[in-house]
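Below is one structure, written out as structure tokens, with a few remarks after it.
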Amino acid sequence: MDRPEQQYAFEVYPKRDIVITRGEGSTLWDDKGNEYIDCAAGIGVASIGHANPAVAKAIGDQAQRLITCPGIFYNDTRAMLMKKLVGIAPDNLNRVFLCNSGTEAMEAALKFARITSGKNGFISAMRGFHGRSMGALSATFKYRQEFEPLIPGHSFVPFNKIDKLTAAVDDNTAAIVLEVVQGEGGVRLADREYLQQVRALCDERNVLLILDEIQTGFARTGSMFGCQTLGVSPDIMTVAKAMAGGFPMGAVLCSEKITSAAGKHGSTFGGNPLACAAASATIDFMLDNDLPTQAKTKGDYFMDKLDQSASAIREVRQLGLMIGIELKTKSRPVIEKLMAHHILALPAGPTVVRLLPPLVISEEELDRVASTLNQILAGMP
Ligand SMILES: *Cc1c(COP(=O)(O)O)cnc(C)c1O
């Protein structure tokens with residue numbers, strides 16, 4: 001098929017041959033009018049549904065009033081968002097730095113941890129993903145080989161193994177950097193006990209805990225933030241993806257422990273009123289519709305409908321509406337078959353089918369996704 005984008009794009013993505021032109025709730029349409037159930041949600045972004053009217057209105061209204069306002073000035077819309085963010089975050093996180101993506105949030109988090117601790121050692125998990133800029137990539141296990149040397153001081157330990165992590169901490173360790181559920185790494189859940197042991201280790205050894213909630217944050221896992229589901233409060237929490245209803249935005253939330261970075265960090269677009277208006281409306285929608293509970297209920301509902309005993313399945317991992325189906329074979333052919341049945345899903349590593357639907361998806365749509373998957377998997381050896 002001839003795709004004009006192919007002629008111009010500097011390609012970094014393996015593409016799927018579909019032109020998406022419109023969305024509403026958990027439905028997407030292509031240029032021919034075909035309808036799809038979206039279980040990708042812009043990679044976990046469209047949690048409140050595509051083209052959410054409340055966010056569209058907030059963006060429209062703000063655009064007509066003020067689009068840009070740098071952080072060197074105060075702004076009413078920004079102040080309103082920050083208050084809402086701190087209101088939904090774990091109690092100890094009461095300062096906010098606003099930026100434009102998850103990667104930027106991670107960059108800022110790593111810098112804030114260095115300023116606070118005066119150290120440059122970071123320990124993160126194998127299979128972890130924190131972004132693709134040189135700093136965030138330094139804390140990321142995959143995608144680094146062609147880009148080394150990266151920033152010194154970063155090391156990796158197996159996820160969910162407290163002994164290995166304890167042994168890796170030394171006098172130069174500034175922070176431990178973890179996801180609550182490893183998203184790109186295959187939907188792998190941190191054990192509750194492990195995270196609590198990590199918290200205790202950090203307190204004991206005077207090390208900061210950075211939790212990357214970029215994929216797990218904003219209601220996806222059944223609480224507003226995954227760490228609330230697991231009962232652990234970080235010193236620094238990074239968020240982005242679903243934060244502003246699809247509008248690009250990221251944030252770092254910090255505890256009192258974190259030293260001010262006044263004059264040492266910044267962002268031209270960070271905290272612009274347009275993004276803040278979108279995020280404010282997104283948080284309101286999430287609270288008004290209790291999306292954390294919806295994520296939990298619907299995730300459990302889907303698990304009931306999915307035939308987990310299919311012989312093609314190795315393991316199913318799930319928290320709220322973050323679902324990973326690990327197969328005994330490659331996941332790509334299953335994702336392609338789902339697309340032929342008008343269901344869009346994501347990979348997470350070579351053998352995992354990942355579902356991150358909008359949290360507003362209906363039970364009927366989840367039924368269709370489960371029964372289609374059951375049918376595809378039943379036809380496999
Ligand atoms: C997506 C993601 C990032 C990077 O966010 P971008 O907005 O793509 O820069 C970082 N960490 C996690 C856990 C993510 O899922």
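The values are calculated or read from the model by the stated rules, or taken from the named source; none is laboratory data. This structure is a prediction, so every number in the text was calculated from the model and none was measured. Every residue, glycine as well, gets a Cβ built from its backbone with ideal geometry; the counts of neighbours run over all protein chains shown.
Here are the numbers:
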quantity: Some residue of the stretch 147-164 being within 17 Å of the chain's Cα centre (by Cα), of a type outside the set (Lys, Arg) and either within 13 Å of the ligand (Cβ to nearest atom) or modelled with pLDDT of 95 or more (or both); calculated: no
quantity: Test result for residue 324, closer than 16 Å to residue 40 by Cα, at pLDDT 95 or above and either of a type in the set (Phe, Trp, Tyr) or part of a strand (DSSP E or B) (or both); calculated: yes
quantity: Subset tally (residues that are among the charged types (D, E, K, R) and more than 10 Å from the ligand (Cβ to nearest atom)) for the stretch 203-242; calculated: 5
quantity: Near pairs, Cβ below 7 angstrom, 6+ apart or cross-chain, from the stretch 86-102 (within 19 Å of residue 273 (Cα to Cα)) to any residue that is surrounded by fewer than 16 Cβ atoms within 10 Å (Cβ to Cβ); calculated: 86/94; 96/86
quantity: Matching option when the condition is without any contact (Cβ under 8 Å) to a residue 40 or more places away in the chain and among the small types (Gly, Ala, Ser), among 281, 340, 310; calculated: 340
quantity: In the stretch 220-258, residue surrounded by the fewest Cβ atoms within 10 Å (Cβ to Cβ) [restricted to those that are in a loop (DSSP other than H, G, I, E, B) and of a type in the set (Val, Ile, Thr)]; calculated: 258
quantity: Set 68, 77: member being farther than 22 Å from residue 255 by Cα, in a loop (DSSP other than H, G, I, E, B) and touching a helix residue (DSSP H, G or I) at 6+ places or on another chain (Cβ under 8 Å); calculated: 68
quantity: Within the stretch 51-79, tally of residues that are within 26 Å of the chain's Cα centre (by Cα) and over 19 Å from residue 267 (Cβ atoms); calculated: 10
quantity: Subset of the stretch 271-288 [farther than 16 Å from residue 62 by Cβ and within 19 Å of the chain's Cα centre (by Cα)]; calculated: 286, 287
quantity: Residues satisfying the stated conditions in the stretch 89-111, i.e. more than 16 Å from the ligand (Cβ to nearest atom) and either crowded, with 18+ Cβ neighbours inside 10 Å or not assigned by TED's automatic domain parsing to the domain that holds residue 214 (or both); calculated: 89, 90, 93, 96
quantity: Selection within the stretch 82-123 - touching a Phe, Trp or Tyr at 6+ places or on another chain (Cβ under 6 Å) and not in a loop (DSSP other than H, G, I, E, B); calculated: 108
quantity: Matching option when the condition is at pLDDT 95 or above and closer than 24 Å to residue 257 by Cα, among 80, 126; calculated: 80
quantity: Residue selected from the stretch 171-202 under the condition near the ligand (Cβ under 10 Å from one of its atoms) and small (Gly, Ala, Ser), by the criterion surrounded by the most Cβ atoms within 10 Å (Cβ to Cβ); calculated: 183
quantity: Those residues of the stretch 1-16 which are in contact with an Asp or Glu (Cβ under 9 Å, 6 or more places away or on another chain), surrounded by 10 or more Cβ atoms within 10 Å (Cβ to Cβ) and free of Cβ contacts under 8 Å to residues at least 24 places away in the same chain, in sequence order; calculated: 3, 15
quantity: Among (1) over 30 Å from residue 271 (Cβ atoms); (2) touching a His at 6+ places or on another chain (Cβ under 9 Å); (3) surrounded by fewer than 20 Cβ atoms within 10 Å (Cβ to Cβ) - the single one residue 42 does not satisfy; calculated: (1)
quantity: Flag if residue 51 is of a type in the set (Gly, Ala, Ser) and touching a residue at least 12 places away in the same chain (Cβ under 8 Å); calculated: yes
quantity: Any chance residue 19 is closer than 30 Å to residue 263 by Cα, surrounded by fewer than 16 Cβ atoms within 10 Å (Cβ to Cβ) and in contact with a strand residue (DSSP E or B) (Cβ under 6 Å, 6 or more places away or on another chain); calculated: no
quantity: Residues of the stretch 28-65 classified as in contact with a Lys or Arg (Cβ under 7 Å, 6 or more places away or on another chain) and part of a loop (DSSP other than H, G, I, E, B), total; calculated: 2
